[in-house]
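The values are calculated or read from the model by the stated rules, or taken from the named source; none is laboratory data. What you are looking at is a predicted structure, and each value in this text was computed from that prediction instead of being measured. Heads up, the Cβs are rebuilt from the backbone with ideal geometry, glycines too, and the neighbour counts pull from every protein chain shown.
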Amino acid sequence: MTTFGDEFSLILRARYPLVYIATQEEERVEYTLRQILKNSDNRALYNWDFVDGYTSNPNIKGFATKNPLQALDLIEKMAVQKPAIFILKDFNKFLTDISVTRKIKNIIRTLRLQPKTLVIIANEIEIPTELFNVFTIIEFNLPTPSEIRNELDRLFKCLNQEADVRFLETLTRACQGLTLEKIRQTLSKSLARYNSLNQKTIEVILNEKRQIVAKTQILDFQDVSINLQAIGGLNNLKHWLRIRKQSFSSKAELYGLPAPRGLLLAGVQGTGKSLTAKAIAGEWQLPLLQLDAGRLFDGIVGESERNVRQMIQLVEALSPCILWIDEIDKAFASNTQRTDSGTTNRVMSTLLTWLSEKQSPVFVVATANNFEALPLEVIRRGRFDEIFFVKLPDLKERKQIFSVVLNRYRPATKKLFDISKLSALANGFSGSEIEQVIIEAMHLAFDENREFTEQDILDSLDQMIPLSEIDPERTKEMEEWAKSGRLRIA
């Protein structure tokens with residue numbers, strides 16, 4: 001993989017005149033550029049911002065303060081044969097000014113003939129159409145695992161603290177997705193609170209990530225406290241997930257094993273698809289980000305496409321992680337008629353391209369209640385590793401569900417209930433409906449100020465009508481279609 005340093009060094013040798021770097025890490029970019037220049041032709045480096053002007057001009061400190069045109073003038077006035085890089089911070093805000101645009105066009109000829117490069121650093125890419133083709137955009141990624149590891153090694157050395165190899169790997173993985181400055185701040189916060197770096201530091205880092213995710217208003221950072229043991233049934237799916245549990249580890253990477261891409265869970269409502277997404281994150285000990293696909297769509301032209309790009313950038317930054325796309329069928333149903341000038345198609349195209357080509361360790365779990373409504377391009381192989389159908393639980397699975405739910409609410413008295421009898425009477429009930437039956441029984445007993453019993457559950461079973469009886473034709477049609485061999489049964 002080509003690094004930022006390799007790419008920028010190549011651009012200098014090729015004498016590219018204008019470079020645009022989108023990043024929130026100005027200080028780290030500047031430090032990286034200085035390291036590149038130290039190992040190359042030792043060019044001079046000049047920094048300009050609107051408030052302080054040129055802070056590194058040896059002749060007039062503060063030259064071109066609050067004057068972007070004057071900042072460009074210095075580039076022309078500099079000695080012809082003096083190699084230099086000019087960093088203009090937040091200069092994207094002035095590119096819509098016709099005088100600035102014209103000035104940049106005029107100095108391109110000068111820059112091409114001299115060993116000088118103009119570099120704009122900004123938080124996001126904002127280039128007017130008339131200048132788009134003259135700028136070279138370089139991606140400045142967040143710190144790599146090796147950079148984070150070096151920072152952690154330096155910090156542990158300063159603290160005279162021995163670091164366990166496994167803890168160091170966990171801490172490095174937890175820090176991924178944060179800027180170097182944010183990592184330093186977060187670790188300082190942990191040190192101030194706990195006087196050392198320990199397991200509680202991981203929670204401090206996760207809280208920081210929660211704040212980052214919350215600011216987007218597109219994703220939700222889910223707290224996970226369950227694993228696959230909290231789910232009854234779904235044995236085929238559980239086995240598939242267990243053999244991939246270590247797939248995001250450094251050991252798997254050294255083995256040459258590619259990270260799993262994700263899976264699509266389809267089936268009857270209430271059969272545990274959403275619960276499974278949470279359990280995967282808990283079992284694999286990875287952060288869970290939930291995407292409500294409806295939030296991607298915005299009424300402002302171009303905002304929906306920007307939202308999906310921002311979502312992709314964020315989940316890749318926070319990887320390794322689990323991305324849970326809830327009810328994907330409602331957002332991208334093939335039979336849904338939209339009058340949105342192709343916005344839905346563009347959003348879906350961007351998302352599907354990413355699902356197919358992503359290299360980052362993001363495991364995508366998509367859930368769908370109406371599998372047949374999904375377009376073929378969503379369900380074709382390559383987007384997901386596997387597609388599972390989650391059917392209504394059979395007798396054996398209902399026993400497991402009753403056991404899991406009763407153990408959650410009444411672990412001490414679970415043995416007092418005849419689970420076999422209850423499971424037999426709950427034929428046609430989904431996992432969530434079984435849980436609601438038990439909760440209803442608890443309500444009945446609580447109202448009478450007593451402990452709930454097996455009879456309360458029987459009464460609740462008698463009163464509740466499952467979805468399979470409300471819409472029996474559709475439920476039967478879905479299950480028969482899944483049994484035809486087109487999908488893998490969970």
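Annotations
Each row is one residue, and each column tells you yes or no for (1) in contact with an Asp or Glu (Cβ under 8 Å, 6 or more places away or on another chain); (2) at negative phi; (3) surrounded by fewer than 17 Cβ atoms within 10 Å (Cβ to Cβ).
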| position | (1), (2), (3) |
| --- | --- |
| Glu377 | no, yes, yes |
| Leu392 | yes, yes, no |
| Lys399 | no, yes, no |
| Ser403 | no, yes, yes |
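- Arg34 vs. criteria closer than 29 Å to Ile148 by Cβ and either β-branched (Val, Ile, Thr) or in a helix (DSSP H, G or I) (or both): yes
- Verdict on Leu286 being touching a residue at least 12 places away in the same chain (Cβ under 8 Å) and in a loop (DSSP other than H, G, I, E, B): yes
- Residue satisfying condition, being in contact (Cβ under 8 Å) with a residue 40 or more places away in the chain, over 21 Å from Gln359 (Cα atoms) and of a type in the set (A, V, I, L, M, F, W, C), within set Val204, Val224: Val224
- When region 129-155 is filtered for residues that are assigned to a loop (DSSP other than H, G, I, E, B) and surrounded by 12 or more Cβ atoms within 10 Å (Cβ to Cβ), the ones remaining, listed by number, are Val134, Phe135, Phe140, Asn141, Leu142, Pro143, Thr144.
- Meets criteria (among the polar types (S, T, N, Q), over 36 Å from the mean Cα position of the chain (by Cα) and more than 17 Å from Ile137 (Cα to Cα)) for Thr96: no
- Boolean, Asp418 is acidic (Asp, Glu) and either more than 20 Å from Leu392 (Cα to Cα) or at pLDDT 85 or above (or both): yes
- Among residues of region 156-213 being among the basic types (Lys, Arg) and either assigned by TED's automatic domain parsing to the domain that holds Val362 or under 20 Å from the mean Cα position of the chain (by Cα) (or both), the one that is surrounded by the fewest Cβ atoms within 10 Å (Cβ to Cβ) is Arg210.
- Any hit, region 90-98, residues being touching a strand residue (DSSP E or B) at 6+ places or on another chain (Cβ under 8 Å), free of Cβ contacts under 8 Å to residues at least 60 places away in the same chain and at positive phi: yes
- The residue that is modelled with the highest pLDDT, counting only those in region 263-303 that are at positive phi and crowded, with 22+ Cβ neighbours inside 10 Å, is Gly267.
- Some residue of region 433-441 being in contact with a Pro (Cβ under 7 Å, 6 or more places away or on another chain) and not assigned by TED's automatic domain parsing to the domain that holds Asn235: yes
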